[in-house]
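Asker: Take a look at the following structure, please.
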Amino acid sequence: MDIRALRLAIRGTVVTRDDAHYETLRAGLLWNGRKPDRFPEIVVKVKDAADVQAAVRFAAANGKRISVRGGGHHWSGIALQEGVVLDLADMNALSIDPEARIARAQPTVTNGRLAAALAEYGLAFPAGHCASVPLSGYLLGGGFGWNTGAWGIACHNVESVDVVLANGSLITASASENADIFWAARGAGPAFFGVVTEYRLRLYSLPKAIRTSVWTYRPDRVEEVEEWMSRTMRRVPRNVEFTAVMSSAPPPLAGRSEKVLTAVATIFAETEEEAGETLAIIETGAPEDPLDIKLALETPFDVLYRIIGQFFPEGARFVADTNWSDDPAMLMKRMAEAVAIAPSPESFALAVVLPPFSPDIMPDGAFSRVGPAFSCAYAIWRDPGADAENVAWLRNTSDRLAPVSLGHYVGEADLERPERAHGSFSPAACERLKGLRRKFDPACLFHHPGLATQPLLKAG
């Protein structure tokens, strides 16, 4: 099959480097303003699973490696590679069965759209914290989303997936059918060896009282705040999400402190009484004399998404990295120290203290790195001339966290560092992924960052 035959075979469109709008399309493949100098030979904008099958067969027949693009949100720019980019942007159908509590979602349905559509039926899902991010990379990477303590990691709420494999076949995978592929689809992220064309999601009742309290302190109070957060999460129910954000002070507080440490407690409650009682328990232990305090704010999902969105200015340049840890005290201390010296005032870091849990009871899947605390540091800046110092700040921050790191979350890990991909999985999961890749993608058709690959083998 040549390019002309591919164009005739699909409902979508095929763009090559010779097309007049190629550069505009190439730049738009990534959300990040910091874009790598990589130039796909072909971009296939698919419309449906049959288009994906045709594009995969074309790439295999012509010895061209495939990278899959959902929304292009991964900070490392992994969707933009030199061979064939499969752009799934137009595969965004969504249907909801409220009686069965199942949603069928194509890969580029966004978190925000899913949450809003489910809310109309009084339903919810542990969607990601950023509204514009599609399900594709979010669910494949595991999905550390809203109300994780009660609802679990998002990929563990996927009932089945439809997948196009490297041989062009379209299969369904679940716990009882093609179980190895289903295991990998729950957390492999960019190490996955296929293209997911549909997810079937298990749903929950929408909490009727989502309320948030916010306390803001100077960063030198970090030890008190961490102790309070860790103590609190051992007392409150699992439907509490407790996050510390280290950032530049917002304008109302900038005259009192250059940087701030903001503790954000959100409860996903069924009743106002439950929300009030739980937030009162949290408030009782709060360190005294905050710079600012806001209690029991009404924060439905649309409000939560607007708050999160303010931290990620469109068009800015980003690099980020994640860590799981069993030492939240040192994790938060070192991140607060790092934010204090960040070269860009827009850079920030966050830490989440999770409810008590045992990794031994986590459902089986490629998602296999987790800990009592989670952190992510974000370098954010505007000037391309400042790339080196901001990337260096982010990586120095990660290096300082290494002694207390249990591993990384592949969905936001700094995959430009090859060791991050390995560190996002347990050794056993990493070896199993390699074996499954050899079985289902023996020619190394799909791009897999950070994992040892053979040269691409042309089909036949």
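Asker: If you scan segment 97-111, which residues turn out to be surrounded by 20 or more Cβ atoms within 10 Å (Cβ to Cβ) and not in a loop (DSSP other than H, G, I, E, B)?
Answerer: Across segment 97-111, the qualifying residues are A103, A105, T110, N111.
Here is a yes/no grid of residues against (1) surrounded by fewer than 22 Cβ atoms within 10 Å (Cβ to Cβ); (2) among the hydrophobic types (A, V, I, L, M, F, W, C); (3) in contact (Cβ under 8 Å) with a residue 60 or more places away in the chain:
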| site | (1), (2), (3) |
| --- | --- |
| M332 | no, yes, yes |
| P345 | yes, no, yes |
| A349 | no, yes, yes |
| P356 | yes, no, yes |
| F367 | no, yes, yes |
| S375 | no, no, no |
| A379 | no, yes, yes |
| R400 | yes, no, yes |
| L406 | yes, yes, yes |
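Asker: Could you go through segment 305-321 and let me know if any residue there is farther than 30 Å from D399 by Cα and out of contact with any helix residue (DSSP H, G or I) (no Cβ under 7 Å at 6 or more places or on another chain).
Answerer: yes
Asker: Only strands (runs of 3 or more DSSP E) wholly contained in segment 221-323 count here; list those with 3 or more residues that are polar (S, T, N, Q) and either over 27 Å from S424 (Cβ atoms) or assigned by TED's automatic domain parsing to the domain that holds I380 (or both).
Answerer: Fully inside segment 221-323 and qualifying: 240-248.
Asker: So F242 ticks every box in (1) free of Cβ contacts under 8 Å to residues at least 12 places away in the same chain; (2) within 30 Å of E120 (Cα to Cα) but one. Which box is left unticked?
Answerer: F242 satisfies every listed condition except (1).
Asker: State all residues of segment 86-110 that are closer than 18 Å to V68 by Cβ and touching a Phe, Trp or Tyr at 6+ places or on another chain (Cβ under 7 Å); if no residue qualifies, say none.
Answerer: Matches in segment 86-110: A105 only.
Asker: Take the residues of segment 161-185 that are out of contact with any helix residue (DSSP H, G or I) (no Cβ under 7 Å at 6 or more places or on another chain) and not aliphatic (A, V, I, L, M): which is surrounded by the most Cβ atoms within 10 Å (Cβ to Cβ)?
Answerer: Looking at residues that are out of contact with any helix residue (DSSP H, G or I) (no Cβ under 7 Å at 6 or more places or on another chain) and not aliphatic (A, V, I, L, M), I get F182.
Asker: A follow-up question, please. Being among the β-branched types (V, I, T) and out of contact with any Ser or Thr (no Cβ under 7 Å at 6 or more places or on another chain) is the filter; apply it to segment 294-321 and report the residue that is nearest to S76 (Cα to Cα).
Answerer: Only one residue fits best here, namely V319.
Asker: Would you confirm whether any residue within segment 441-450 is among the small types (G, A, S) and modelled with pLDDT of 95 or more?
Answerer: Within segment 441-450 (the criterion being among the small types (G, A, S) and modelled with pLDDT of 95 or more), the answer is no, since none of the residues qualifies.
Asker: So, in segment 376-423, how many residues would count as being of a type in the set (G, A, S) and part of a loop (DSSP other than H, G, I, E, B)?
Answerer: 3
Asker: Further question on the same structure: Select from segment 419-439 the residues that are out of contact with any helix residue (DSSP H, G or I) (no Cβ under 7 Å at 6 or more places or on another chain) and under 21 Å from V85 (Cβ atoms) and list them in ascending order.
Answerer: R437
Asker: Looking at segment 393-416 only, could you name the residues that are closer than 16 Å to N32 by Cα and either small (G, A, S) or out of contact with any His (no Cβ under 9 Å at 6 or more places or on another chain) (or both)?
Answerer: Scanning segment 393-416 gives L394, G411, A413, E416.
Asker: On to the next question. Taking helices (runs of 4 or more DSSP H) that fall entirely within segment 128-191, which contain at least 2 residues that are hydroxyl-bearing (S, T, Y) and outside the structural domain of R69 (by TED's automatic domain parsing)?
Answerer: Result: 135-140.
Residue by residue, here is whether (1) in contact with a helix residue (DSSP H, G or I) (Cβ under 8 Å, 6 or more places away or on another chain); (2) surrounded by fewer than 21 Cβ atoms within 10 Å (Cβ to Cβ); (3) modelled with pLDDT under 95; (4) not acidic (D, E) holds:
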| residue | (1), (2), (3), (4) |
| --- | --- |
| R202 | yes, yes, no, yes |
| S213 | yes, no, no, yes |
| P219 | yes, no, no, yes |
| M229 | yes, no, no, yes |
| P237 | yes, yes, no, yes |
| F268 | yes, no, no, yes |
| E274 | no, yes, no, no |
| I281 | yes, yes, no, yes |
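Asker: What number of residues within segment 29-48 are touching a residue at least 12 places away in the same chain (Cβ under 8 Å) and either assigned by TED's automatic domain parsing to the domain that holds W381 or surrounded by fewer than 18 Cβ atoms within 10 Å (Cβ to Cβ) (or both)?
Answerer: Qualifying residue count, segment 29-48: 8.
Asker: OK, next. Just to check your reading of the model, which residue among G12, G83, G70 is buried (at least 18 other Cβ atoms within 10 Å of the Cβ) and at pLDDT below 95?
Answerer: G83
Asker: Restricted to segment 55-72, and to residues that are touching a residue at least 60 places away in the same chain (Cβ under 8 Å) and among the aliphatic types (A, V, I, L, M), which residue is farthest from M91 (Cα to Cα)?
Answerer: The residue in question is A61.
Asker: Continuing with the same structure: Return the residues of segment 10-22 that are out of contact with any Lys or Arg (no Cβ under 9 Å at 6 or more places or on another chain) and not in a loop (DSSP other than H, G, I, E, B); say none if nothing qualifies.
Answerer: T16, Y22 - these are the residues of segment 10-22 that are out of contact with any Lys or Arg (no Cβ under 9 Å at 6 or more places or on another chain) and not in a loop (DSSP other than H, G, I, E, B).
The values are calculated or read from the model by the stated rules, or taken from the named source; none is laboratory data. This is a predicted model, so every value here is computed, not measured. Neighbour counts run over all protein chains shown; Cβ positions are idealised from the backbone, glycine included.
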